[in-house]
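Computed from the coordinates by the stated procedures, all read-outs in this text should not be read as laboratory data. In this text, all values refer to a predicted model and were calculated from it rather than measured experimentally. Using ideal geometry, Cβ is built from the backbone for each residue, glycine included, and neighbour counts are taken over all protein chains shown.
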Amino acid sequence: MTTEQQTLARLEAVLGPGRVLTGPAIPPAAHRDWSPERGGTPLALVAPRDTAEVSAVLRLCHADGIGVVPQGGRTGLAGGAVPGEGTVLLSLAAMNRIEDIDTDAGLMVVEAGCILQALQEAAAAAGWSLQLDLGARGSAQIGGNIATNAGGNRVIRYGMTRDQVLGLEVVLADGTVLSMMNRMPKNNAALDLKPLFIGSEGALGVVTRAVLRLRPGVAGANAALVALPGFDAAVKLLAHAQRRLSGRITAFELMWPDYYDAVLREAGKRAPLPPGSALYALVEMQGADPDADAAPFGAMLETAMEGGLILDAALARSQREVDDFWALRDGVAEVNARWSPVINFDVSVPLTRIGACVEEIRAALSASYPALQCAFFGHAGDSNLHLLAGPIDPIDPTGHGIESLVYGIIRAFGGSISAEHGIGLHKKPWLSHSRNAEELALLRRLKTLMDPKGILNPGKVL
Ligand SMILES: Cc1cc2nc3c(=O)[nH]c(=O)nc-3n(C[C@H](O)[C@H](O)[C@H](O)COP(=O)(O)OP(=O)(O)OC[C@H]3O[C@@H](n4cnc5c(N)ncnc54)[C@H](O)[C@@H]3O)c2cc1C
């Protein structure tokens, strides 16, 4: 028997007959995520039912030197969950229990395979709110959100996934179970180890359980779509709104005219404001009493208009209209499909430099690739900028030339090549644009220390 065959036999002995899928029994969907990356041929797929089984799988693979790729909902956009050649795919899908919701302390204890939307709904039913939200909520798992330190729509108010995690359980490469299921917002008993794993994209350990912080429930939102004279006005409007509303803004999404036009044209969305403005912003404030919040929210918009920061505004009068505004922002999926194949850039740039950065990227792309369509948008309140560029075929089929140009400008502006999607396989060639040599050296030493045989998500991130 080869080492691989021995590993398969021993995995089946641990997990039970029929629970180690190989060859055509591995579902096609397990071979890819939402990125354009195509991985290798996996050795097997296993779906442990609890932490002890995850530990047993890792112990075995560690002993045999077989690579392991943790898989959540496979909605990742960086290729972190695609199979490596000859690796064992470790799906967390069967670990989807909500163990506890503490309605007094405002926290929930969950397994890593829980779908984000299921957790949002369970928190809401308990009168609380899990303030992590993204377009892939119906498929992404909380373990995947933690492993990518996902951002999403409400970061400006509540922070990234890291800020929602109180406690964590992780299985290390050799099968050691590291339990850090802390339930307290304050715990300074020496250095906190949890952040090491949040955003580590499955390269340092497998997340199996978590304690999540819940926030007071919200009853609805006040939202407006506004037309702005330019980027400087957007920065001033954000500061003005935060001051007037005591930091209660929950979203500040910018859409440049190329995005606004594309989403109206390609995704067939309704236009709450006419096209033709220099910039559009979706401004939202969530709260326990949207009716009471309507007056301060409206007053904030009015003073902004008087000060020339806003040229035109559409105010949502119902939750349905709030949802309509968000449909403009979420229409990116349809534009993506119409322009396919595309590159979906996720970068961040210091807030006040975003406008100039967009202009520089747009000019450079149009000079080098005049036929390329571009749409700029993003969670600008979090310094996060997205760019959809396509179709890249036949202009630049690998996308490498376009990426090189964009990431070069991002580096020059002091930005990051990954705001929220991670590095995975796709952005690995560009990591040194955003991390210096000393940081990379320390990251590699950490990886060697925690995974000396390099079995966890081999070839990804670093
Ligand atoms: C329509 C759409 C909208 C999106 N919007 C956003 C957004 O607004 N903000 C944002 O940040 N992202 C967004 N994403 C990207 C994606 O949804 C997130 O990265 C999400 O957190 C991935 O979760 P997942 O369960 O699908 O992970 P996967 O894709 O399965 O895995 C992602 C990475 O995490 C690792 N991993 C997964 N589970 C575990 C685990 N239990 N332990 C250790 N490692 C693990 C994998 O190996 C891989 O490296 C979007 C994606 C889509 C398709």
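A few comments on the model shown:
- Summed side-chain charge close to Ala94 - residues other than Ala94 whose Cβ falls under 12 Å, Lys, Arg +1, Asp, Glu -1: 0
- Computed label-point distance, nm, for sites Ala295 and Ser366 using a 7 Å Cα→Cβ extension: 4.7
- Estimated from the Cβ-Cβ distance and a Förster radius of 30 angstrom, the FRET efficiency linking Arg49 and Ala437 is about 0.10.
- Dimensions (Å) - the chain, Cα atoms, principal axes, largest first: 76, 57, 41
- Residues Ile142, Ile310, ranked from the fewest to the most other C-beta atoms within 10 Å, line up as Ile310, Ile142.
- R0 of 45 Å, Cβ-Cβ distance Met305-Ser340: FRET efficiency to nearest 0.05: 0.70
- Virtual spin-label span in nm between Ala239 and Leu196, 7 Å along Cα→Cβ: 4.0
- Packing here is the average count of other Cβ atoms within 10 Å per residue, and on that basis the peptides 150-156, 97-103, highest first, run 150-156, 97-103.
- By the count of other C-beta atoms within 10 Å, a proxy for reagent exposure, Lys236, Lys460, Lys447 are ordered fewest to most as Lys236, Lys447, Lys460.
- Pairs of alpha carbons in the range 1-217 whose separation is greater than 33 Å (percent): 15
- For the range 369-456, relative contact order (Cα pairs under 8 Å, six or more residues apart, normalised by length) works out to 16 percent.
- Calculated [θ] (222 nm, deg cm²/dmol) that DSSP helices of n ≥ 4 give over the chain, each run adding -39,500 (n - 2.57): -10000 deg cm²/dmol
- Here the Kirkwood formula puts the hydrodynamic radius of the range 273-367 at 16.5 Å, using every distinct Cα pair.
- Cross-link table Lys269/Lys428; Lys269/Lys460; Lys194/Lys427; Lys186/Lys460; Lys194/Lys428; Lys194/Lys460, entries beyond 29 Å C-alpha to C-alpha: Lys269/Lys428; Lys269/Lys460; Lys186/Lys460
- Relative contact order (%) - criterion: Cα under 8 Å, at least six apart; region: the range 220-332: 47
- Looking at the range 310-440, the pairs of alpha carbons with a distance over 23 Å make up 38% of the total.
- In loop segments of the range 1-79 as defined by DSSP, the trypsin sites (Lys or Arg not before Pro) with at most 13 further C-beta atoms inside 10 Å of their C-beta are Arg38.
- A simple spin-label model places the labels of Ser246 and Glu359 3.8 nm from each other, with each point 7 Å out along Cα-to-Cβ.
- Look at the alpha carbon pairs under 8 Å that are at least 6 residues apart: their mean separation over the length of the chain gives a relative contact order of 16 percent.
- Length gained when the stretch Arg411-Asp330 is fully extended (0.36 nm per residue, less Cα-Cα span): 26.4 nm
- Neighbour net charge for Leu405 - beta-carbon separation under 12 angstrom, K R +1, D E -1: -1
- Prolate/oblate/rounded label for the range 220-332 (Cα gyration tensor, a/c 1.5): oblate
- Low-density loop positions, trypsin sites (Lys or Arg not before Pro), the range 271-361 - DSSP coil, at most 16 other Cβ in 10 Å: Arg317
- Using a Förster distance of 30 Å, the FRET efficiency for Asp163-Glu321 (Cβ separation, nearest 0.05): 0.55
- Near Ala241: Cβ cut-off under 11 Å, other residues only, Lys/Arg at +1 and Asp/Glu at -1. The net charge is +3.
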